[in-house]
Each structure stands twice: as structure tokens, then as C-alpha cells.
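Heads up: the structure comes next, in C-alpha cells.
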Amino acid sequence: MEGPPLWQRLLAALAYLLPWSDGVPFGEALFRLVPALQWLVLPALPLMALQQQIPFGGFLLFLVLFLAVVRNARVPYFIRFNVLQAILIDIVLILVELAFNILLRPLGKESFALNTLSNTVFLATLLLVVFSVVQSIRGREADIPTVSEAVRMQLY
């Protein structure tokens, strides 16, 4: 078996629960249309609960992951790469959520444009997370254009 050991692969895959927990709320309209998709929320529930129960839980989790994992040279590169990539994807999702709240929410909670864009963000997040988890389990870096390049620049 070539590549990182299994424990590193699993920890790297686990990091993608962070962006998934912030991507799930975008799927609310889709969950109403296809209730079976709600099963996709289950892996993110513990992290979502942690972020809601602890004041500034998301920010504290970000700081812990960034300082204890990404900036720790003793942590294997494969884990650091995937954690930082998950953090960057999460930051993009947070910025998209802010843009939605400022620009699109005034149009109405049930507007066609808002639902369509929310569904698109949800499905894109789902694809990114699934791709990244599969690549992590395979022991390969999930090469996401621009994001992976930014991660490599930060780690070297």
C-alpha cells in the first residue's frame, strides 16, 4: 500500500465535515423537494451542534484547526494539506452565505432566484466534499483549481 497510512487518510477525510456543515443550510429548499436528501445532513450534525451550542464555536474551531494542525510542522503534510483546503472551502462558503444574506434575502425567503442559487451552492459543496473525501481515502491530494494552489503556497 503506497501513500499515507490509513489513519492519516481518515483524519484528512474527516476535515471535510467543516465545509459540509456550512454547506448543508443551502440545501433547505432542496430538502423540501426531496426529503430523502436529509440523510446527507447526518455526518455534519455533531459539528453543526458544536458550532451552535458554543458561542463563536465556528471561529474557535477554525482557530484550533489552523493553529494546532495547519501550522504544526509535526502533523503530517497530507493532513495539514486537507485541513487547510477544508478551511479555505469553508471560508468561501461563509462569504457566499454573507453575500446571500445581504443581496438576496431582501428578495424574499422563497424567491425562485434565491432557491436556485442556494441549491446550486449546496450541490457544488456536496460534489466538492465527496470528491475531496474520496481522494483523501485513496491517499491522494484533492486537486481543486485555485484552492489547492493557495494551500500549497501556504504550506511551503
I'd like the residue in the range 37-71 that is exposed (fewer than 13 other Cβ atoms within 10 Å of the Cβ) and of a type in the set (S, T, N, Q) and, out of all such residues, is modelled with the lowest pLDDT. 52
Going through the range 121-148 one residue at a time, which ones are part of a helix (DSSP H, G or I), farther than 19 Å from residue 22 by Cα and in contact with an Asp or Glu (Cβ under 9 Å, 6 or more places away or on another chain)? 135, 148
Under 7 Å between Cβ atoms, which residue pairs at least 6 apart in sequence (or on different chains) link something in the range 7-20 that is closer than 15 Å to residue 66 by Cα with a partner that is in a helix (DSSP H, G or I) and of a type in the set (Asp, Glu)? 18/90; 19/90
Helices (runs of 4 or more DSSP H) contained entirely in the range 1-62, each with at least 3 residues that are more than 26 Å from residue 138 (Cβ to Cβ): 28-33, 45-53
Here the qualifying pairs (Cβ atoms under 6 Å; residues six or more apart or on different chains; first in the range 92-106 and at pLDDT 90 or above; second of a type in the set (D, E, K, R)) come out as 93/22
Filter result (part of a helix (DSSP H, G or I) and among the small types (Gly, Ala, Ser)) within the range 63-81: 68
Please tell me if residue 134 is loosely packed, with under 14 Cβ neighbours inside 10 Å, under 23 Å from residue 12 (Cα atoms), without any contact (Cβ under 8 Å) to a residue 40 or more places away in the chain and not acidic (Asp, Glu). yes
Within the range 112-122, is there a residue that is surrounded by 14 or more Cβ atoms within 10 Å (Cβ to Cβ), among the hydrophobic types (A, V, I, L, M, F, W, C) and modelled with pLDDT of 95 or more? yes
Across the range 1-30, what is the total count of residues that are surrounded by fewer than 17 Cβ atoms within 10 Å (Cβ to Cβ), modelled with pLDDT of 95 or more and within 17 Å of residue 124 (Cβ to Cβ)? 0
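The values are calculated or read from the model by the stated rules, or taken from the named source; none is laboratory data. In this text the structure is predicted, and so the values were computed from the model without any measurement. Heads up, the Cβs are rebuilt from the backbone with ideal geometry, glycines too, and the neighbour counts pull from every protein chain shown.
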